[in-house]
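Scroll down for the structure; my scribbles are underneath it.
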Amino acid sequence: MNYFKKILDYARPYKKYAVLNIIANVFYAFFGTMAFVSLMPMLKVLFGNGEKVLVKPTYLGITKIGDYFEQFSNFYITQRIDSSGEMSALTIMIVFVIATFLLKNLFGYLAMYFITFLRNGVLKDLRNELYRKTVALPVSHYSEKRKGDTIARITNDVLEVQHSFLSILELIVREPLMILFTIIAMLAISPKLTLFVFIFIPVSGFLISKIGKSLKSHSDKVQREQGYFLSLLEETLGGLKIIKGFNAEKIFSKRFEDSTMRFFKSSNTLLNRQNLASPTSEFLGIAVISILLWYGGSMVLVDKTLPAEAFIVYMGLAYNILTPAKAISKASYSVKRGNAAAERVLEILETKSSIIDKPDAIVKEDFTNAMRINNISFKYDQENVLQNFSLEIPKGHTVALVGQSGSGKSTIANLVTRFYDVNTGSIAIDGIDIKDMTQNSLRGLLGLVTQDSILFNDTIRENLRIGKENATDQEIITALKIANAWEFVKELPKTIDTNIGDSGNKLSGGQKQRLSIARAVLKNPPIMILDEATSALDTESERLVQNALENMMKNRTSIVIAHRLSTIQNADTIVVLNKGRIVEQGKHADLLAKKGMYYSLVEMQSLA
């Protein structure tokens with residue numbers, strides 16, 4: 001229940017709906033009981049067993065309420081029969097029974113009406129909070145996590161929590177109230193018979209708890225497996241070309257089928273245990289009702305201590321306990337299942353981010369002097385990717401980072417943007433450590449163009465507006481022109497309102513990359529980071545993109561991570577990396593003259 005106590009905090013904004021639901025449930029339970037009790041006067045008229053009471057009875061307190069209700073109904077029936085006849089009295093009784101059932105159902109609907117706002121409000125807020133947390137967690141958090149598992153938690157697990165949330169309110173309000181009011185009415189009719197009901201409730205509760213003991217662990221297995229096969233599906237859709245190109249359909253189908261088989265087995269166990277609750281509680285209820293029929297029947301037929309109409313109403317009330325008792329048993333199962341889902345949801349919400357702003361973090365709005373990387377070291381797992389790396393980048397300069405794969409080039413981009421934090425050393429902008437700035441203001445100073453053109457399934461306009469939310473159409477067109485993208489965008493059916501498909505797949509690689517550059521141009525940051533922005537392009541696309549990059553880098557501080565060395569010949573400083581260390585540094589011509597590692601890299605690419 002600890003998990004649900006935390007989930008209940010999300011219900012606070014909707015507490016008025018919870019209060020209204022409880023009030024409606026109180027009336028639902030009251031009229032649900034009265035609907036059966038109101039049958040007794042009608043049955044008395046039918047059986048002709050009504051005792052004639054000519055004087056209006058006096059109320060003597062709660063302990064005598066059963067006698068008072070019986071005397072008052074007899075007084076009313078006597079008055080009615082004497083004034084209008086038996087059929088008139090019967091008609092009034094029937095109208096009264098219909099009215100109580102109508103009120104019961106009206107308040108039942110109102111209870112569900114109010115709880116709907118609470119349930120869906122909690123669902124909305126939980127999903128919003130999960131999404132915010134998913135976006136807020138650092139990139140490093142997802143390096144080993146499956147995306148599908150996160151998707152499953154935001155969709156299926158939150159929905160499970162929502163259903164269980166309703167079950168808890170039934171468990172603690174509606175059904176116990178119905179049982180309480182019914183037992184009060186039963187005690188008023190016959191305390192002896194009611195003893196059997198008190199035997200039924202603890203026995204059924206004990207048996208049902210035995211059945212549901214392992215439900216949470218099975219539910220947890222089901223939800224984890226669901227996350228796994230959603231991950232497989234997401235990976236399959238993302239890598240469909242490779243799967244088909246390598247004839248790997250059977251391999252991935254086998255993995256998916258193994259996962260769904262495990263899901264099938266766990267779901268069967270879970271649902272079979274869950275489905276056992278209802279018939280078990282019903283059977284126990286019928287067993288007790290059978291004893292009631294035998295014992296109560298002897299009170300009516302042999303001892304003559306209980307009127308027939310009272311016994312019929314009592315049996316109706318006894319059966320009336322079965323429905324809420326079954327609902328409680330089902331709800332307790334739902335709570336156990338939902339508890340597993342709540343645990344998975346809260347696991348994300350309570351994950352501590354390794355990269356957070358300091359309480360007194362500075363909001364830095366401009367870049368005036370230089371960026372300094374001071375003796376930094378960094379490792380992803382065990383082995384250092386960067387060791388004692390230092391570099392100064394004056395404002396307006398272009399610094400290119402080159403080296404073989406795994407030399408630490410892209411890691412520097414990840415550290416400057418603070419997607420990861422350095423292990424030792426510091427990175428400072430204008431003398432201020434980036435850890436002392438807010439992440440928002442730091443990234444406001446940076447523009448990013450990556451090797452993979454990350455675009456979204458939306459229009460060109462909305463993709464570019466990620467760079468500047470309130471950009472005008474003219475600003476967007478200007479950015480497209482700088483990025484050499486306007487020439488193909490203006491030919492599209494709806495120009496900047498054209499939808500570019502999932503990940504921009506309606507466009508070529510060069511076109512996607514130029515849109516990425518246009519987005520960075522629109523943001524107009526003082527520092528630009530280009531992470532192998534041309535490495536995946538053909539020669540023609542590379543020429544257009546390189547021209548766009550040169551347009552963008554004019555009068556701007558740039559860190560260029562380059563695979564193709566032809567693209568960085570005009571850089572102010574070229575830094576050559578090897579195994580996380582700087583081995584050479586200088587201008588293109590000077591480094592060629594040294595005939596060191598840079599010269600070797602250029603020679604290899606020239607030969608290629």
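Here are some notes:
- Shape call, region 303-452: gyration tensor on alpha carbons, a/c limit 1.5: prolate
- Per-residue 3J(HN,Hα) values for region 586-603, derived from phi via the Karplus relation 6.51 cos²θ - 1.76 cosθ + 1.60 with θ = phi - 60°, read x, 7, 4, 5, 5, 5, 5, 5, 5, 6, x, 5, 4, 4, 4, 5, 5, 4 Hz in sequence order (x marks Gly and Pro).
- Restraint check, LYS395/LYS481; LYS15/LYS124; LYS409/LYS512; LYS364/LYS435; LYS481/LYS554, Cα-Cα greater than 18 Å: LYS395/LYS481; LYS409/LYS512
- Protection proxy ranking of 361-373, 405-417 - average other beta-carbon atoms within 10 Å, highest first: 405-417, 361-373
- Backbone HN-Hα couplings from phi across region 430-442 [Karplus 6.51/-1.76/1.60, Hz, Gly and Pro as x]: 6, x, 9, 4, 5, 6, 8, 9, 6, 4, 5, 6, 4
- Of LYS6/LYS336; LYS133/LYS379; LYS104/LYS192; LYS523/LYS579; LYS379/LYS523; LYS5/LYS336, those spanning more than 22 Å from alpha-carbon to alpha-carbon: LYS133/LYS379; LYS104/LYS192; LYS523/LYS579; LYS379/LYS523
- Annotation: amide H-H contacts under 5 Å for LEU386 (H modelled 1.01 Å from N, sequence separation of 5 or more, or interchain): PHE378.
- In Å, descending, principal axis extents of the Cα set of region 382-535: 53, 31, 25
- In the frame of its principal axes, region 341-396 has Cα extents of 52, 35, 19 Å, reported largest first.
- Under the convention that each Lys and Arg Cβ holds +1 and each Asp and Glu Cβ holds -1, the size of the dipole of region 405-513 around its Cα centre is about 180 debye.
- Rounded to the nearest Hz, the phi-derived 3J(HN,Hα) couplings of region 173-181 under the Karplus curve 6.51 cos²θ - 1.76 cosθ + 1.60 (θ = phi - 60°) are 10, 4, 5, x, 5, 4, 5, 4, 4, where x marks glycine and proline.
We did not get these values from a lab; they are worked out from the coordinates using the rules stated. Bear in mind the structure is a predicted one, so any value in this text is a computation, not a measurement. Cβ: placed from backbone, ideal geometry, glycine included. Neighbour counts: every protein chain shown.
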